[in-house]
Amino acid sequence: MTALKSFLFLTAAPGMVAGYIPLAFLRKGPQVETGLFAYLAFPLWLVGGMILLWSFWNFLAEGRGTPAPVEPPKELVVTGFYRYVRNPMYVGVLAIIIGHFLWFEYWNLLIYAMIVFLAFHAFVTYYEEPTLKRKFGASYENYLKQVPRWIPRFK
């Protein structure tokens, strides 16, 4: 049942933010020529999607929960992409949105990526991190010291 809930959340949250909203509503308005950089969209979509799916799997398999705040993981997840960055799902979503900007060349998509980042950052700093500190205590505090929030650090 947890796997089904996780799949439904994947479809509803990242699916809407990285897929439906930018593709259905934001492919209009002024454009910018991205030239050969447009082809970076393919690896951004691929890597962003892979990070997202793998991180969902980590929450399900190791965390024994979902990424949804209503049914969070029971264990602190520090494996997979969580070894390199504290918020890989958000990083994956942003990579996908930036890929949309590079491919479709609409300024709206770049502005949307910035707004989404600011929303993610506010949610992480004002809700997620304080909640995880209360729930996991010293182990999460140690994790905060070792793993960066947004820019992956590969060791």
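The values are calculated or read from the model by the stated rules, or taken from the named source; none is laboratory data. Since the model is a prediction, treat every value here as computed from it, not as a measurement. Note that each Cβ is placed from the backbone with ideal geometry, even for glycine, and that neighbours are counted across all protein chains shown. Only protein heavy atoms, including side chains, enter the accessible area calculation; ligands, DNA and RNA are left aside. Shrake-Rupley method; radii C 1.70, N 1.55, O 1.52, S 1.80 Å.
Regarding the range 20-31, can at least one residue be identified that is under 28 Å from Leu144 (Cα atoms) and not acidic (Asp, Glu)?
If we filter the range 20-31 for residues that are under 28 Å from Leu144 (Cα atoms), which is where we start, we get none.
The answer is no; no qualifying residue exists.
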TODO: Would you mind telling me which numbered condition in (1) part of a loop (DSSP other than H, G, I, E, B); (2) farther than 22 Å from Ala12 by Cβ Gly65 fails?
DONE: (2)
TODO: Name the single residue, out of those in the range 71-105 being farther than 19 Å from Leu53 by Cα and touching a Phe, Trp or Tyr at 6+ places or on another chain (Cβ under 9 Å), that is surrounded by the fewest Cβ atoms within 10 Å (Cβ to Cβ).
DONE: Trp103
Open item on the list: Pull out all pairs, ordered by first then second residue, where Cβ-Cβ is under 9 Å, the residues are six or more apart or on different chains, the first lies in the range 97-118 and is more than 17 Å from Ala13 (Cα to Cα), and the second is among the β-branched types (Val, Ile, Thr) and crowded, with 19+ Cβ neighbours inside 10 Å.
Closed with: Leu109/Ile97; Leu109/Ile98; Leu110/Ile97; Leu110/Ile98
Task: Given (1) modelled with pLDDT of 95 or more; (2) part of a loop (DSSP other than H, G, I, E, B), index of the condition Leu76 fails - done: (1)
Open item on the list: If the requirement is being modelled with pLDDT under 90, under 28 Å from Val78 (Cβ atoms), open to solvent by 40 Å² or more (accessible area, probe 1.4 Å) and in a helix (DSSP H, G or I), which of these qualifies: Leu8, Leu53, Leu44?
Closed with: Leu8
TODO: Collect the residues in the range 25-41 that are touching a residue at least 40 places away in the same chain (Cβ under 8 Å), open to solvent by 100 Å² or more (accessible area, probe 1.4 Å) and under 27 Å from Phe7 (Cβ atoms), keeping them in residue-number order.
DONE: Arg27
Task: From Leu36, Leu23, residue being at pLDDT 95 or above, more than 30 Å from Lys133 (Cα to Cα) and out of contact with any helix residue (DSSP H, G or I) (no Cβ under 6 Å at 6 or more places or on another chain) - done: Leu36
Task: Lone unmet requirement of (1) under 23 Å from Tyr112 (Cβ atoms); (2) buried (at least 21 other Cβ atoms within 10 Å of the Cβ); (3) at pLDDT 90 or above for Pro67 - done: (3)
